[in-house]
Every structure is written in structure tokens, then in C-alpha cells.
1. Quick one: is Lys93 over 34 Å from the mean Cα position of the chain (by Cα), at pLDDT 85 or above and of a type outside the set (Val, Ile, Thr)?
2. Is one or more of the residues making up the range 6-19 under 31 Å from the mean Cα position of the chain (by Cα), open to solvent by less than 100 Å² (accessible area, probe 1.4 Å) and at pLDDT 85 or above?
3. With the requirement that a residue be modelled with pLDDT under 85 and of a type in the set (Gly, Ala, Ser), what does the range 20-43 give you?
Amino acid sequence: MLILEINDASLEQKIVEKARKVGKSVQEMLKDIVVEKIQEEVSLETLPFEVPKLDYRQYIKIIDEPLGDEAIDDAPIFKNDIDTVEFAKQLRKQAWKRKS
């Protein structure tokens, strides 16, 4: 637990008024203010360790592998010889049968 002492009457009055407007207790309001301020200060510059900045040009790779028929033949989706129009009609009929 931390105790905060405010010696400035006008600052204390502003905090009390703001707490009333928000609908929180003064303690909750002060806690929120302190947490918000601390979170603002935490950034990459103030971290206790160094974050290296990577150069994307070192890790970039251009993918130019040709896509041939062998890529399509391996896909199980294209192996079935289904008439998609007829399949869609069957799905619609089944859906309507369920609703009625």
C-alpha cells in the first residue's frame, strides 16, 4: 500500500472534482492517474534492455518459384469431379427442407 500526500489545495480539489464527475473514489482516481502516467513512460527507449532494430533488406526473399500443374494436382480439392452448380442446388433444397 502506498500513501500519497498532496499539499496543494487546488490540485486536491481538482482531483476530488474529477473523481466525482467520473463516479470513482478519490483513491481509485489517483491509482488510475499514477498507472496511466507510468504506462506512458514505458517505451522502447526506457526498457532495461536493448531492442535491436533489424534491417529488412537482410532478411527479404523474393519468391519466384514457378507454379505448375504439379502444385494443383497435389491439392485434394481439385481431385473431385463434382458439378458445383448441382451441388449448390442440393444444398439450397436441404436448407429449405430444414426450415419448414
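1. Details: over 34 Å from the mean Cα position of the chain (by Cα): yes; at pLDDT 85 or above: yes; of a type outside the set (Val, Ile, Thr): yes.
Criteria met by Lys93.
2. If we filter the range 6-19 for residues that are under 31 Å from the mean Cα position of the chain (by Cα), which is where we start, we get 18-19.
Still in the list and also open to solvent by less than 100 Å² (accessible area, probe 1.4 Å): 19.
Filter again for at pLDDT 85 or above, leaving 19.
Yes, some residue in the range 6-19 is under 31 Å from the mean Cα position of the chain (by Cα), open to solvent by less than 100 Å² (accessible area, probe 1.4 Å) and at pLDDT 85 or above.
3. The one that is modelled with pLDDT under 85 and of a type in the set (Gly, Ala, Ser): Ser43.
The values are calculated or read from the model by the stated rules, or taken from the named source; none is laboratory data. Just so it is clear, the structure is predicted and the values come from calculations on it, not from any experiment. For accessibility, only protein heavy atoms count, side chains too; no ligands or nucleic acids. Shrake-Rupley method; radii C 1.70, N 1.55, O 1.52, S 1.80 Å.
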